[in-house]
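The values are calculated or read from the model by the stated rules, or taken from the named source; none is laboratory data. Bear in mind that the values here come from a model prediction, so they are computed numbers and not experimental data. Quick reminder, even Gly has a Cβ in these numbers, built from the backbone with ideal geometry, and neighbours come from all protein chains shown.
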Amino acid sequence: MNLLNRSGVVLLVGLAAMQASATDVATLRNGFTIRHESRAPMGETTRLFITADGSSFVDVPTGEIVQIERDLNPAPAPVSENNSPALTSVPSGATRTLSTTPAPSLTTPTVNVSDAVNAASDRYRIDPDLLNSVIRQESGFKVHAISPKGAQGLMQLMPQTASTLGVSNAFDPASNVDGGTKYLRELLERYNFDLIKALAAYNAGPHRVEQYGGVPPYLETRKYVASIVRDFNRKKIAQQKTTKAASARNQPPQAAKPNGSSRKSGGATGTAAAPPVKRPSSPTGN
């Protein structure tokens, strides 16, 4: 996060802290959410007060807070006298002080990303392994991931791009993956199915790819393309080895020729997986 964005978050938190106490939800960079009554900036840390009296709170690095909004969900049920306070995980860098009031539950929705990927793969005719490699690089499979630039969801769609693709909720896995896959398909067609250029355009924008005639000279973009291609190739090579091994096991035993001569065995047959993508050591797009 650059200095301007970081300052913006601090300002947002600071202004909100001066308002009347109300239940809000802070969304963190890693997708976790923290329900709190009030908050106070403390330099590079923001203290989120879990209880109205301030007796229970969570200290979170301010830079990890990407959004704060009013909590429209009903408050969680109180803990009975016989139950001890709930101990929940805290994001990296955060500290917590507990009282008899339970701390918030830091959880992410349980979704079947595989179903979303397979549906988009069938619809737009793109290898599901490639889509998984893109999602892995973009968001690490975090449904509520938000980048410092504002890209959202599994395939990190910018709000304007999401709107153009008809994605009304970028945090809905099915909609996000469908929109991202549709966009990737458009880029593949635009560059005559040159995967390297399509991935570079997905990261840096088509105008940059066309400006430089291939992968732009940005370290972030080159690492991005190389990481996806490497992960995709690893999957395809593993599939090819599995296919060949299975085919070899299914070959019938070959009888020896008369006069003691043996017949040369044929190579393994079977349907090979999609070939790995060829990538130069330093992507140029040429």
Exercise for the section: For residues that are in a loop (DSSP other than H, G, I, E, B) and hydroxyl-bearing (Ser, Thr, Tyr), scanning just the stretch 168-202, find the one that is surrounded by the most Cβ atoms within 10 Å (Cβ to Cβ). Expected result: 191
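In the stretch 207-225, which residues are out of contact with any Lys or Arg (no Cβ under 7 Å at 6 or more places or on another chain), of a type outside the set (S, T, N, Q) and assigned to a helix (DSSP H, G or I)?
Residues satisfying the conditions are 207, 208, 210, 212, 219, 220, 222, 223, 224, 225.
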Problem - Count - residues of the stretch 186-242 that are of a type in the set (A, V, I, L, M, F, W, C), touching a residue at least 60 places away in the same chain (Cβ under 8 Å) and over 15 Å from residue 132 (Cβ atoms) - result: 5
Exercise for the section: Those residues that are touching a helix residue (DSSP H, G or I) at 6+ places or on another chain (Cβ under 7 Å) and of a type in the set (Phe, Trp, Tyr), I need them from the stretch 165-184; list them, please. Expected result: 183
Exercise for the section: For the stretch 133-153, state whether one or more residues are part of a loop (DSSP other than H, G, I, E, B), touching a Leu at 6+ places or on another chain (Cβ under 6 Å), among the aliphatic types (A, V, I, L, M) and crowded, with 22+ Cβ neighbours inside 10 Å. Expected result: no
Problem - Filtered residue count, the stretch 223-242, keeping only those that are touching a helix residue (DSSP H, G or I) at 6+ places or on another chain (Cβ under 8 Å) and under 15 Å from residue 197 (Cα atoms) - result: 5
Practice task
Could you please tell me which pairs satisfy a Cβ distance under 8 Å, a separation of 6+ or placement on different chains, a first residue in the stretch 25-38 that is outside any strand (DSSP E or B), and a second residue that is modelled with pLDDT of 80 or more and basic (Lys, Arg)?
Solution key: 30/142; 31/142
Handout entry: Hey, residue 178 assigned by TED's automatic domain parsing to the domain that holds residue 131, under 19 Å from residue 155 (Cα atoms) and among the acidic types (Asp, Glu) or not
Key = yes
